[in-house]
1. Give or take rounding to whole Å, what are the principal axis extents of the alpha carbon atoms in segment 88-133, in descending order?
2. For residue 266, give me every one of the aspartates and glutamates with a C-alpha distance below 16 angstrom, ignoring sequence neighbours fewer than eight places off in its own chain.
3. Check residue 273: other-chain or 5+ apart residues with amide H under 5 Å from its amide H, H built from backbone geometry?
4. Please report Rg (one decimal) and Dmax (integer) in Å for the Cα set of segment 195-314.
5. Using Cα positions and a limit of under 16 Å, work out the lysines in reach of residue 92, with same-chain residues fewer than 8 apart set aside.
6. So for segment 194-251, Kirkwood radius off the Cα pairs, Stokes-Einstein at 10 °C and 1.306 mPa s: how many µm² s⁻¹?
7. Report, in debye and to the nearest 20, how large the dipole of segment 195-314 comes out about its Cα centre when Lys and Arg carry +1 and Asp and Glu carry -1 on their Cβ.
8. What three numbers, in Å, describe the spread of the alpha carbons of segment 275-315 along their principal axes, ordered from the longest?
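Every number here is computed from the coordinates shown, using simple stated rules; none is lab data. Because the structure is predicted, anything quoted here is derived from the model rather than measured. Cβ atoms come from the backbone with ideal geometry, glycine included; neighbour counts cover every protein chain shown.
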Amino acid sequence: MSVDQVQARISEIQSQLALLSPASTSAASSAFAATLSAQPTGTAVTAAPGAGGTGADVVAEAKKYLGVPYVWGGTDPKRGLDCSGLTQLVYKNLGYDIPRVSYEQATAGTAVKGGLANAQPGDLLAFGSPVHHVAIYMGDGKMIEAPRPGLDVRISDVYETPTAIRRIIPSGGSTAEGMTMPGTTSRVTPGTPYGEMFQAAAAKYGLDANLLAAVARQESGFNPKAVSGAGAQGLMQLMPATAHSLGVANPFDPAQAIDGAARLLKSLQQEFGRTDLALAAYNAGPGAVHRYGGIPPYPETQNYVRSIMAMLQGS
């Protein structure tokens, strides 16, 4: 029996004991959790040459192993996986090497502060004090886990508060074509309506001005008085509640609309790490992108993303 197998067996025993322990946590357990959360950067994550992907890619990769039986010490999906064997395999397939056992994985990458509300799809969730279980967050309170003997890899609710949440893949995602976040080097084509406003907002928020122009073209055809059947308003077609949350008092004012849309798009890019996913979230809402682990299967949204990405490639 290898050292890794012994460590994995210890982790499994801890998991089973945790199921028998009282629900309340001791002061020592709380201190342990606080220690994990306080480590902004922990065990190093080694990225192989060409490593890439985003949180959505992590979720998609993890879904490939749904139905694989739980096997203690398992690292081969043909035979079975344990919880940390699953998580290690998923990240490894995307080019990221994390430790083998759960309590070490709980310090890998970068700490996510603020609990599950700030977790993103693809983050690693750790449970217990000491840590005895790990899983991959899907979004919307769901996770993919290899739970325990007798059960298969499955999608389940996040049924308890994680001890630690770690971001393994850096925000910003892959450098593959179509998956990066635009910078601020591009300028809009001369003659583009509201070109100077797009440039100013792009510089303010760190976006590609052509992205803002493409969204405006797709959303309203550059019509600042447009109103959709669903109630979206103005040049950037902001819903009233969204406009209010962005501090846009008048969505029919092009300057306010562009500023609010730029702020929203920047936030979505940071959340999802990819321009196409940010556009999907702008159109269908972030919840839909989280729910499907990528661009939702809505024809309108898929056409929307495809059209704007084509405009960007043309620019």
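1. Extents along the principal axes: 28, 23, 14 Å.
2. Partners within reach: 208, 276.
3. For residue 273, the qualifying residues are 172.
4. 13.0, 36
5. Leaving aside lysines fewer than 8 places away in the same chain, those within reach of residue 92 are 63, 64.
6. Rounded to a whole number, D works out at 136 µm²/s.
7. 120 debye
8. Projected onto the principal axes, the Cα atoms of segment 275-315 cover 31, 17, 13 Å.
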